[in-house]
Amino acid sequence: MRRSFGLVATALFIAGLAFPAQAQSQAGFQRWVANFWPNARAAGISRSTYEQGFRGVRLDPAVLEKARYQPEFVRPLWDYVDSAVSEKRLENGKAKLREYSRLLDALERTYGVDRHILVAIWGMESSYGQVLDNPKIVKSVIQSLATLAYADRRRARFGRQQLIAALKILQRGDISPPGLTGSWAGAMGHTQFIPTTYNAYAVDFDGDGRRNIWTSPADALASAAHYLKKSGWVSGKTWGYEVVLPRRFDYRLADGDATRTLGQWQKLGIRRAGGRSFPRPGDRAELLLPGGANGPAFLLLRNHFVIKRYNNATSYALAIGHLADRLRGGGAFAQAWPRSERPLSKTELRELQSQLARTGHYKGSIDGKIGPMSRAAIRAYQVRAGLAADGYAGALLLNRLRGS
């Protein structure tokens, strides 16, 4: 092993006559790989697995470019949801529901997770496996994670942890080193599991002795179903409902801290969109207004928050739920999104807090984090300005504050 690292370092030194900075970083990376071996050995990784896993692995600048790209622009939630339920994704998803109907029957019997949710996750994570053939997206998991561990200060701990987990996948024999591929951050296969999640929840559903989420849709979808079940999925229930609020509604109830039964929400004047009744009034739910008072409103059930265990973003969980509903035959949201509105960047959120402080409504930190104190300040300003006090931090509000 040491000999191979030495040969790589020598080659990099020769190459460095033309590209000294690049050669130096590659040489440093190879030294880091050699020095990381004791950590892997302590975690139970064999020498042969380590050598196989790192054969041909180099520092990947493209991974670092992805990791460091932090766009200031914030994509509106409704654009994200629109792309989630594109006509192409719906068409392909309905085809997958037909093609894999027997498999999905078996998964529902085994795990109790709705087939439409599983197919929605499959569509969102890998376009039903289509992105796995794209060399611009799919990379060596070992190379990506080692690059993060070596050269990305923010993600170094994540990179080391996931790298050990990836080596354990190789050691178990579920996949060969060339087949251990994933995103720049190490998310793998049809359902985009990171290595630690894979090791904890991946299953061999097709019975071939390997947990193959890269080329076996059966294993990939079963692994996702197993993960959701272990995360608390409630069988036979949905993720939430679009609702209609009454006039003069107290928008403070949409802060996310207030959990009530659907029946209690109904007594406050909230109705299910489309005029239908709630099938189980005793289910508990939280109220969400992701676009403020002028956008759709949702009552979120437990399964919404289980989906967030897969990806801890409200936009993702909302998109998965809506895509599943559309695959089931449901329609678009009843209330239109406030498309004239625009979410604020981090810089603009700090400016918003500064403007609220200037007008005497905010006394917290200027950190760009919109928490309870910031929302209370926004509401206080909105009440004073005669606006709907929904606490929504958008561009229209910031422009109004700038001119006040």
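Assorted remarks:
- Test: residue in the range 333-349 that is surrounded by 15 or more Cβ atoms within 10 Å (Cβ to Cβ) and part of a helix (DSSP H, G or I): yes
- Cβ-Cβ under 6 Å pairs, at least 6 apart or on other chains, the range 375-404 side under 20 Å from residue 77 (Cβ atoms) and assigned by TED's automatic domain parsing to the domain that holds residue 358, far side among the aromatic types (Phe, Trp, Tyr) and buried (at least 19 other Cβ atoms within 10 Å of the Cβ): 390/251
- Exactly one residue out of 244, 234 is at pLDDT 95 or above and touching a Leu at 6+ places or on another chain (Cβ under 9 Å): that is 234.
- Selected residue [more than 22 Å from residue 217 (Cβ to Cβ) and not polar (S, T, N, Q)] from 119, 131, 74: 74
- Tally of residues being crowded, with 24+ Cβ neighbours inside 10 Å and in a helix (DSSP H, G or I) across the range 190-226: 9
- None of 117, 137 is in contact with a Phe, Trp or Tyr (Cβ under 8 Å, 6 or more places away or on another chain) and not charged (D, E, K, R) except 117.
- Any chance residue 77 is closer than 23 Å to residue 314 by Cα and of a type outside the set (Lys, Arg): yes
- Members of the range 159-182 that are more than 19 Å from residue 132 (Cβ to Cβ) and not in a helix (DSSP H, G or I): 173
- Of the candidates 287, 356, the single residue that is part of a strand (DSSP E or B) and either modelled with pLDDT of 95 or more or of a type in the set (A, V, I, L, M) (or both) is 287.
- Contact map, the range 161-178: first residue within 20 Å of residue 33 (Cβ to Cβ), second residue among the basic types (Lys, Arg), Cβ cut-off under 8 Å, separation 6 or more or different chains; pairs are 177/55.
- Boolean, residue 176 is under 15 Å from residue 63 (Cα atoms), at pLDDT 95 or above and of a type in the set (S, T, N, Q): no
- Selection status of residue 154, farther than 20 Å from residue 309 by Cβ and part of a loop (DSSP other than H, G, I, E, B): yes
The values are calculated or read from the model by the stated rules, or taken from the named source; none is laboratory data. Nothing here was measured: the structure is a model prediction, and the numbers come from that model. Every residue, glycine as well, gets a Cβ built from its backbone with ideal geometry; the counts of neighbours run over all protein chains shown.
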